[in-house]
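The values are calculated or read from the model by the stated rules, or taken from the named source; none is laboratory data. Just so you know, these numbers come straight off a predicted model, no measurement behind them. Cβ coordinates were reconstructed from backbone atoms using ideal geometry, including for glycine residues, and neighbour counts include every protein chain displayed.
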Amino acid sequence: MNADPRDPRAAVWLAVAQLCSADEKKTAVRYSPAFVDALSHVVYAQAETMGGDLECFAKHARRAKVTVDDVKVRSGWLRYMRGGAWC
């Protein structure tokens, strides 16, 4: 993994590695480096998807900035897409 602290992928990898390490201390579970790497890729991809969704919601509302309302709309939209109620 790139060690540049300005690289968002490296920051996500570090956060995931720290969370896994903290969990290892609490439980008997051990996480392999390959697992940490794969999980960090999934987390980064989900963050990219969420960012794109939030930008689309803000653009649809004719705003240049993402707001808390966009996050609320996305969470309701995800529940709806998974078969739950919109509200």
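Residue by residue, here is whether (1) part of a helix (DSSP H, G or I); (2) modelled with pLDDT of 90 or more holds:
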site	(1), (2)
PRO5	no, no
TRP13	yes, yes
CYS20	yes, yes
LYS25	yes, yes
GLN46	yes, yes
TRP77	yes, no
Going by what's in this entry, would VAL43 be described as in contact with a Leu (Cβ under 9 Å, 6 or more places away or on another chain) and either touching a residue at least 40 places away in the same chain (Cβ under 8 Å) or under 27 Å from LEU78 (Cα atoms) (or both)? no
Can you name the residue in the range 27-43 that is of a type in the set (Ser, Thr, Tyr) and under 13 Å from ALA17 (Cβ atoms) and is also surrounded by the most Cβ atoms within 10 Å (Cβ to Cβ) among such residues? SER40
Could you look through the range 54-70, keep only residues that are at pLDDT 90 or above and assigned to a helix (DSSP H, G or I), and pick out the one that is surrounded by the fewest Cβ atoms within 10 Å (Cβ to Cβ)? VAL68
